[in-house]
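What follows is one structure encoded as structure tokens, with my remarks underneath.
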Amino acid sequence: MFLKCIEMTGFKSFPERTVLHMNGSITGVVGPNGSGKSNVADAIRWVLGEQSPKSLRGSVMQDVIFAGTQTRPPRSYCEVTLIFDNSDARLGNAYSEIQVTRKLYSSGEGEYYLNGLKCRLKDILDMFRDTGVGKEGYSVIGQGRIDEILSDKSTDRRLVLEEASGIMKYRVRKEEAERKLEKTRLNLMRVNDILTEQKLLLEPLKEQAENAAEYLKLAETLKKLEVNMFLHEYASAKSRIERLKAAKEAAQQERDEKELRLKELSGRHSEDLQNFKALESEADALSKVLSAGLAEVQRVEGEIRLCEERLSNIEKDSARIAAEIEETKSRGSAVSESEAENARRISALDGELEILRDAVDEANSELSELLVKFGESAKKIEAARAGRLDAAEKMADIRSEASALREKEESVSRRIDETRKRLEESEKQRAQNEETRRLLEERILGSKNGAAGLLESYNEKILELNGTDAQIARARKELESVRRELDSKRSSAKMLAEMREGFEGYQDSVRRLMLAAKNDAQISKRVIGTVAELIDVPREYETAVEACLGNALQDIIVEDEYDAMYLIDYLRKNEMGRVTFLPLKALKPRSLSGEERGALKFPGVRGAAAELISCRNGARTAIEFLLGRTVFVEDGDTAIRVMREYRHSFRAVTLEGDVFNPGGAVTGGSLRRAGIVSRDRREEELKARCAELSEKAQSMEAALRELEKTRGSIAGETESLRRRIYESELSLTALKEKAQSVTETLKKEEETRAYLEGLLERLSGELETVRKHIETCEARQNETLKSGDSWSEDNKRLEEEHNKNAALIEELKKRIYGAQIQIAEKMKEKAALISDSIRLAGEKAEAQKSLALKKKTLELNAESADNLRRLRDKLEATRLQKISAADGISAKLDGIIQRRGSLNEKLSGADEEAQKLRGELGELSEKIMRAEFNIDKAETQIQEAQNRLWDTYQLTYLNALAMREDMHMSEAAARAEEIKRKIREMGPVNPNAIADYNDLKERMRKLTAQKDDLVKAEADLHRLIASLLDEMKKTFKASFEQINKYFGETFKELFDGGNAKLILEDDQNIMECGIEVAAEPPGKKLQKISLLSGGEKALAAISLLFALLKLNPSPVCVLDEIDAALDDANVYKFSEYLKKSARKMQFIVITHKRPTMVICDSLYGFAMEEKGVSKILSVKLD
């Protein structure tokens, strides 16, 4: 068995899929610190089940997932796979290749796979147990594992020795058996506790079972008596119903006769009413015609007023246009005058231009003559010059040379003066620049200090602004929360209001009747309201009221029985169902007797229900009728005490809704509340909460606005500071640039000064040389000058004449140029006058066009005015005609109104007779309704009796008939009361006690059997643990001796001598005692390993490691820099021994040591070219 390869994806510094193939017996992993070498060892340890993040150099397990870099995103999971060659079946598995995978997601969820199939960590640990491979084994040895071997705690190295000795499988089984034993002991204790507890319950339960049997016998007898009493009451009520029905039929026959008479009156009344309506319709039609006529008159009058208004507007518009015409005429006259003036000026300019052109022609003629003379004089001068050319050439050369020398002398002298001046100016400028630089540095320092202060203020404002933003965000979030709650509460309040207005939650018959009362005054005046509407119940009693009143909350309270019967008749006619009414005048309120009111003083009794509830609209009688004999108590125990004390003579209701009825019946359990009692309270609470939330929202909005205002102020101050900082930075930069410029200028001036000083020295030498050459040249010039004086006088005369002609020519050219300039100016003025004349002509034409248009408009206005006057006269005639027609319609309408009044008096007489008949019919209806009410009452009594029979015994009337017996009702009632008294005297009875008693006996039998099984299992586990412990001792003792032997041999080989051994601290307790390591390097005494030097410790620990591998070779062993503490000589010994051991094992060595690298069959080089990402280069060594 050996490791074939390692695959890593997203693990630590391996973001992409990375595969390491294990070629050869020793694979080396090398690279600089921080390149990710040890991540390979961490990956192997992690996939083998390591659960401690600290062991993997992390704080949480998700730290092993690649966390990303500046250029790479983090991975959402990591995965490591180890592939083993299992051809020797050492792992006890049929597969020749074993693939172990562990995957971890960033959410913290992890998975294990074995050959691609999901498995448990326990499956992997079991497979590798006793092979040396695993997180507790010695397959991965790093600095931490070496420290465990070298630890002062000898128990730390026991785990490594036990793994090598092969007893871990026994230890695991032993620990599992100990856990089972502890669990068995706990179960045994629990069973004993339960048996003890149930033995205490058995006797009381037996007594309860006997009481229950007696109770059931009495209850059966009471059932027969109450069923027969019900049958007697049922028969009596049926007989009373038959008598009431006969009286009702007689009243109905009389009511039918009265209704027939009323129908005849209604027929005649309908005919008269039809005539009345016809007259009324005719009157209405004439009224409409009259109104339309009057409206038409008003319309005509409006049109007349409109015509007059339009005439007035036309007159005003005509006057305005006439004024504009006069204004246009005057403007045209001014334009004509301007045109005439422009024409006169153009004519004058033409004359002036003619004069200027003649003067230019005359000057050109004179210029031509002078140019001819000028050419002739130039030829004469040229001839004279030719005569003296030869004499002058020599003089010219000398003069030229002398002149050049003088110019050079002057130039050099000037340059010397300039250089000296520049030196003086340079010195002054340098002093000024030095002063400027000093001032700039002072200003820079001051600017920096000011900028630091501004920056500190700006940072403070930024913090204040961020704090204000956070406050605004919180305020907005809280305001949004309040608004959402406000919307929710408003919606709930609106829903409750709609439910209240629509009587939602009530029975359909009640709801329809109450809705009809809103639209029908006859019904409304008879209905006071429902019980639920008219009572005000404190919140703590709402459940109790719902429980005890039930459907009675929907009873409708009326004034008397007649109102009730009227409403019942309405329900019957409209087939709206049945409703229970509470007539206040007929109800007889019930209340607690003086003796019973003593119950109100009991602890836990809240009070009489009717007294704890307020009501409206005089409904107190109904409340006392319904709840007069009801008491509200806190809980069931209080109710039981009170009901027993007062012999179940009234009703007690707990705050949770359990009802203790008179006679002993108890109703309770979960209560499905309709909510109609608490609806008004909840609506008011919601409205109050809405008002509170609205006020709170307004307050929060004001606070938010204040915060936003504050933020705006702070933001303004921050922006101002930012601008000042920016300006300060600009100023500082400018100052720095100026200072830099001044410094550079000073440097350049220093260079210039040095250059000028050198230049001044060179120029002084050059000046001396030039002066010597000048003296020589002056002597030569005097000699030549004497030979050339004879030509000077002729040449002077000819040149004077030539110059005079040149002056005349220049004067003529100036005169010609001046005249041409005047001509150009006159032409420019003439062009401007022509352009102005064209503009004036356009304005004149536009004015004439506008004048014609305005005259046409005046003509049209005059025509429109005439038309409007004719229309006004026509409309006036129409108005008079309409007024006459309206007067005729008004007279006809008066006659119809008189006829309608007489017919109305006839209808009133018929209404009085019909009203009398309706009164009689009402009395008969009330008589019928009373009969129906009594019938319904009797039927209700029958129904209530049936309900009681069903609620108490789950029997119907037909079922009850089978139990009918002949008996005297008074004796039966007395006997029933006697039985009830006995039942009360018995106190609370548990009807289930008999079954509970039998169940408890059976359960105790089963628990006793379980106890016996647990005792037997405990003994078996004790024997198993003892057996495993014996096997572990034998195996460990034999392995320990063998390890000790190998340790001594390996130690001598690595240390070139010496001795080493393992020592058990307690020979009598070899499975629990610590293990000491004693070593005796060559030339030293035997001592504990803790007393050795660091290198000796490491080499001794490596000796022990190889001893363990000799005993139980691990398929693969990872050595993570265990040679780090060794010197070069010991590294060579370690590498040689490692090479020898690799003949039987596979090693993965992480190292920095060259000798260790040399023995490797293949090397993987790690580097981190990209920060945070390991790059691998593999080399196979032959």
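The table for this structure:
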| item | result |
| --- | --- |
| By average C-beta atoms within 10 angstrom, highest first, the peptides 654-661, 187-194 | 654-661, 187-194 |
| Estimated distance in nm for a label pair at Met229 and Ser281, the labels positioned 7 Å out from Cα along Cα-to-Cβ | 7.1 |
| Residue-span extension gain [Lys316 to Gln252] - 0.36 nm each, minus C-alpha spacing | 14.1 nm |
| For Met1032, Met967, Met576, order by how many other beta-carbon atoms lie within 10 Å, fewest first | Met967, Met576, Met1032 |
| Separation in nanometres of the label points that stand 7 Å from Cα toward Cβ, at Glu214 and Arg240 | 3.9 |
| Segment Glu16-Asp1056, length gained on full extension (0.36 nm per residue, minus Cα span) | 369.7 nm |
| Percentage relative contact order, segment 631-706, counting C-alpha pairs under 8 Å, at least six apart | 18 |
| Label-point gap, in nm, between Arg490 and Arg539 - each point 7 angstrom along Cα→Cβ | 2.4 |
| Contact order relative to length of segment 535-674, as percent, for alpha carbon pairs under 8 angstrom and 6 or more apart | 26 |
| Alpha-carbon centroid distance for the pair segment 668-742 / segment 423-490, whole angstrom | 23 |
| FRET efficiency for Lys856 and Ser365, using Cβ-Cβ distance with R0 set to 60 Å, rounded to 0.05 | 0.35 |
| Gained length - Ile725 relative to Glu303, 0.36 nm times residue gap less alpha-carbon distance | 144.3 nm |
| FRET efficiency, Lys421 to Leu746 (Cβ-Cβ, R0 22 Å, nearest 0.05) | 0.65 |
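Throughout, read-outs are computed from the coordinates displayed, never taken from laboratory work. All of these numbers come straight from a predicted model, not from anything done at the bench. With ideal geometry, Cβ positions are generated from the backbone for all residues, glycine too; neighbour counts draw on all protein chains shown.
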